[in-house]
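Below is one structure, written out as structure tokens, with a few remarks after it.
The values are calculated or read from the model by the stated rules, or taken from the named source; none is laboratory data. Remember, it's a predicted structure, so these values are computed and weren't measured experimentally. Keep in mind that these areas ignore ligands, DNA and RNA; they rest on the heavy atoms of the full protein, side chains included. Shrake-Rupley method; radii C 1.70, N 1.55, O 1.52, S 1.80 Å.
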Amino acid sequence: MDDKISQLQKIIDESKNIVFFGGAGVSTESGIPDFRSVDGLYNQQWKYPPETIISHSFYVHDPVEFYRFYRAKLLPTGFEPNAAHYKLAELEAAGKLKAVVTQNIDGLHQKAGSKVVYELHGSTLRNYCTGCGKFYDDKFIADSENAPDKLPRCTECGELVKPDVVLYEEGLDDNVIRGAVNAISAADTLIIGGTSLIVYPAASFVDYFHGKNLVLLNKSVTSKDDYATLVIHEPIGEVLSQIKV
């Protein structure tokens with residue numbers, strides 16, 4: 001492990017344009033469950049499978065159950081950034097890291113201080129009225145549990161307030177895609193962390209990397225391990241906390 005940390009330190013020291021690509025595993029050390037591990041959301045019992053509930057068609061046809069699940073499982077209330085989030089922000093402040101590309105929707109990268117963050121799947125912190133477009137924060141969604149119909153309704157026009165989160169059956173934002181692809185394409189080092197690389201189209205973005213060093217920091221094996229300069233199968237926070245900037 002020490003030898004691999006030394007290798008990672010050397011790669012970071014010699015890199016000038018690092019991009020970090022991360023998934024749910026980055027936030028598990030903050031207490032937010034991932035989706036596919038033994039304790040993840042996909043292995044918990046609900047009235048419907050989580051993949052079904054967080055789809056656009058389910059949101060349209062059964063919004064009450066959608067928001068019941070969403071408030072209980074997807075709102076990152078009370079969670080704080082961990083060592084991985086803070087180290088990435090520190091690397092950005094030092095001019096080493098140019099961007100974070102994340103599949104997470106919890107906003108913890110920004111809370112830790114990261115400025116350039118491409119949120120492929122949106123954010124629970126942003127919510128918009130589907131009628132007039134008025135903005136609402138995550139607390140408004142959480143408080144909707146006390147509404148008569150259990151739904152977050154706009155105080156201006158009465159229409160549903162929808163999280164700015166990409167549900168199944170919905171497309172990614174074109175501007176976010178463009179920014180993420182450009183950042184990855186220009187990187188000399190791409191660090192992939194906390195992701196199984198099986199969620200598409202997000203996972204395909206790493207194919208735009210043609211730089212020198214591909215680093216994998218993930219507890220389980222991924223499809224890119226054989227192509228990586230360095231692979232460390234340890235919790236990402238434990239690994240990055242040992243890096244000096």
Using just the alpha carbons, could you tell me how many Å³ per residue the convex hull of the range 148-195 encloses?
156
Rounded to the nearest percent, how much of the accessible area of the range 119-170 (1.4 Å probe, protein heavy atoms only) is carbon and sulfur?
50
Identify all lysines with a Cα-Cα distance to Lys16 below 25 Å; exclude those on the same chain that are fewer than 8 residues away in sequence.
Lys4, Lys87, Lys96, Lys98, Lys111, Lys115, Lys212, Lys224, Lys244
Taking the chain and counting helices only, DSSP H stretches of n ≥ 4 at -39,500 (n - 2.57) each over all residues, the nearest-500 ellipticity at 222 nm comes to -7500 deg cm²/dmol
Restricting to Cα atoms and excluding each atom paired with itself, what does the Kirkwood estimate give for the range 81-131 in Å?
11.5
For the chain, the percent of all C-alpha pairs falling in each 10 Å bin, from 0 up to the bin holding the max distance, is 7, 31, 34, 19, 8, 1
Probe 1.4 Å, protein heavy atoms only - accessible area per residue of the chain in square angstrom:
48
Using only Cα atoms and rounding to the nearest 10 degrees, what angle (0 to 90) does helix 83-93 make with the longest principal axis of the chain?
70
For the chain, take the longest principal axis of its alpha carbons; what is the angle in degrees between that and the long axis of helix 174-186, to the nearest 10 within 0 to 90?
10
